[in-house]
Amino acid sequence: MSHQAALIPSKGQALVVESIKTVQPGPGEVLISVSAIALNPIDYYMRDAGFFIVNYPAIVGSDIAGTIEAVGSDITSSSPFKKGTRVLAFGSTFYKQGQPDANTYGAFQQKVVVPIETTAVIPDNLSFVDAATLPMSVGVALTGWMNIGLPIGTRADSRQAVLVWGAGSSMGAGATQTAKAMGFTVYGTASPKNFEGLKSLGASRLFDYKDPEVVSKVLDAAKADGLSLKHVFRAAGDMGGSDLPPVQEILKASGGGAIASTVILGEKAPQVEGVETKFVQGSEDADERNKFFAQAFHEWLAPRLAKGEYTPAPKARVAGSGLDSLNKGLDELRGGVSNVKIVIEL
Ligand SMILES: NC(=O)c1ccc[n+]([C@@H]2O[C@H](COP(=O)([O-])OP(=O)(O)OC[C@H]3O[C@@H](n4cnc5c(N)ncnc54)[C@H](OP(=O)(O)O)[C@@H]3O)[C@@H](O)[C@H]2O)c1
């Protein structure tokens, strides 16, 4: 058996679609027939700069939705993961690079093997296109909150606030909804055109991150609302940390706190005493990581999707159909998007 896959032939080269051997899933894994792939910035960093890639040709990509075609021998008939089940999955190669069969994994192909821990059953009323926008966004949001002391299961009261900086991004939409579900009052920064959409996801107040008075406006609002603000999710920004001073100022004035940063901080990024910044990343221990993913995808996300309590956001925009469209979609994403998730349908 074979299927089509979009391979990066060598460092910095565009994706090329080729036929490759279809590998059957091993223990604890499922083979997914992919219907939609959502794109993330890391995908074009990997294509264009070779980040994390050990061997070529390589297959990259993370976010997929589709139908289970086969399951590993240890997955019993009582499992929700069976042939024909509609699922979303974090089908990343990050943790598989260096393995001889690394190209079994990676979202940019018609058939992908994924561990069941990073797979969630989706309800019939959720389209594959919308479902594909979720795995990275939800996984990163829950990881980031955990990294700054707010693990899955945290229950906050609404006098505790978090600030999502860059809430208009895909990671920001995940951070907004996950924090709201924990019980926090959520403040966010975004471009004003995105305010209404973010309110519908649960943000109570939105601020324009380009407003020179953003710091005093956030602090005044927190005071007026009687809130304690100790945690920030930095969903967007740059490695130099040019966006950090207002965030640090807000936390410093709130008596100190922690920032979960999706963006790696360069050596010259500003530091402020009493404000800790942690890069968002999962555990390096595979067992611990799998335990986290199972909790995030099986216990946290799947039941909320079934009850319609989680909204795929930002809205998906289908930028093409077929693996051949991936290069164009990645170029579009690299050019910059606002409050949209680019998806390729297969
Ligand atoms: N650590 C990890 O594991 C991990 C995983 C995934 C992604 N990331 C990183 O997280 C970042 C966001 O990824 P994404 O997929 O969510 O991106 P995205 O959806 O493409 O982000 C675009 C949005 O970012 C907002 N934005 C851009 N610059 C901003 C700034 N200076 N301040 C506030 N908001 C700003 C814009 O919001 P408005 O339209 O409202 O202006 C825009 O809509 C990327 O740097 C990505 O590499 C890290």
Query raised in the report: Has region 286-300 got at least one residue that is surrounded by 20 or more Cβ atoms within 10 Å (Cβ to Cβ), assigned by TED's automatic domain parsing to the domain that holds I122, touching a Phe, Trp or Tyr at 6+ places or on another chain (Cβ under 7 Å) and of a type in the set (A, V, I, L, M)?
Result: no
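Please go through region 1-22 and give me each residue that is within 27 Å of the chain's Cα centre (by Cα) and in a strand (DSSP E or B), ordered by number.
H3, Q4, A5, A6, L7, I8, V16, V17
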Requested in this report: Restricting attention to region 306-344, report how many residues are more than 11 Å from the ligand (Cβ to nearest atom) and more than 16 Å from A175 (Cα to Cα).
Outcome: 21
Report task. Identify the residue in region 46-69 that is open to solvent by less than 20 Å² (accessible area, probe 1.4 Å), free of Cβ contacts under 8 Å to residues at least 60 places away in the same chain and out of contact with any Asp or Glu (no Cβ under 9 Å at 6 or more places or on another chain) and, among all such residues, is nearest to K341 (Cα to Cα). Result -> M46
Requested in this report: Say whether the condition of being touching a His at 6+ places or on another chain (Cβ under 7 Å) and crowded, with 20+ Cβ neighbours inside 10 Å is met by at least one residue in region 243-257.
Outcome: yes
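Does region 282-304 hold any residues that are hydrophobic (A, V, I, L, M, F, W, C) and either within 13 Å of the ligand (Cβ to nearest atom) or within 16 Å of the chain's Cα centre (by Cα) (or both), and which are they?
The initial filter retains those residues of region 282-304 that are hydrophobic (A, V, I, L, M, F, W, C), namely 286, 292-294, 296-297, 300-302.
Selection gives F292, F293, A294, A296, F297, W300, L301, A302.
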Query - Residue, farthest from the ligand (Cβ to nearest atom), within region 131-158, restricted to residues that are among the β-branched types (V, I, T) and outside any helix (DSSP H, G or I) - result: T154
Query - R205 being touching a residue at least 24 places away in the same chain (Cβ under 8 Å), farther than 24 Å from E345 by Cα and either open to solvent by 20 Å² or more (accessible area, probe 1.4 Å) or away from the ligand (no atom under 14 Å from the Cβ) (or both) - result: no
Query raised in the report: For residues in region 23-45 being of a type in the set (S, T, Y) and outside any strand (DSSP E or B), which is most open to solvent (accessible area, probe 1.4 Å)?
Result: Y45
Report task. Output the residues belonging to region 322-346 that are on the phi < 0 side of the Ramachandran plot and not in a helix (DSSP H, G or I). Result -> G335, V337, S338, V340, K341, I342, V343, I344, E345, L346
Report task. Take the residues in region 126-151 that are touching a Gly at 6+ places or on another chain (Cβ under 6 Å) and among the small types (G, A, S), then tell me which one is surrounded by the fewest Cβ atoms within 10 Å (Cβ to Cβ). Result -> S137
Query raised in the report: Is it the case that K217 is among the basic types (K, R), more than 10 Å from the ligand (Cβ to nearest atom) and under 14 Å from V162 (Cα atoms)?
Result: no
Query - Sole residue being under 30 Å from D124 (Cα atoms), open to solvent by 50 Å² or more (accessible area, probe 1.4 Å) and not hydroxyl-bearing (S, T, Y), chosen from A316, A306 - result: A306
Report summary line: Expected single match for buried (at least 21 other Cβ atoms within 10 Å of the Cβ), within 13 Å of the ligand (Cβ to nearest atom) and over 23 Å from L39 (Cβ atoms) among T185, T189 is T189
Report summary line: Among the residues of region 235-258, the number that are touching a helix residue (DSSP H, G or I) at 6+ places or on another chain (Cβ under 6 Å), closer than 19 Å to T178 by Cβ and within 13 Å of the ligand (Cβ to nearest atom) is 1
Query raised in the report: If you go through region 102-125 one residue at a time, how many are in a loop (DSSP other than H, G, I, E, B), touching a strand residue (DSSP E or B) at 6+ places or on another chain (Cβ under 9 Å) and open to solvent by 20 Å² or more (accessible area, probe 1.4 Å)?
Result: 3
Report task. Assess whether G168 counts as being buried (at least 24 other Cβ atoms within 10 Å of the Cβ) and either hydroxyl-bearing (S, T, Y) or in a loop (DSSP other than H, G, I, E, B) (or both). Result -> yes
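The values are calculated or read from the model by the stated rules, or taken from the named source; none is laboratory data. Bear in mind that the values here come from a model prediction, so they are computed numbers and not experimental data. Positions of Cβ are generated from backbone atoms using ideal geometry, with glycine treated the same way; all protein chains shown enter the neighbour counts. Surface accessibility is based on the protein's heavy atoms, side chains included, excluding ligands, DNA and RNA. Shrake-Rupley method; radii C 1.70, N 1.55, O 1.52, S 1.80 Å.
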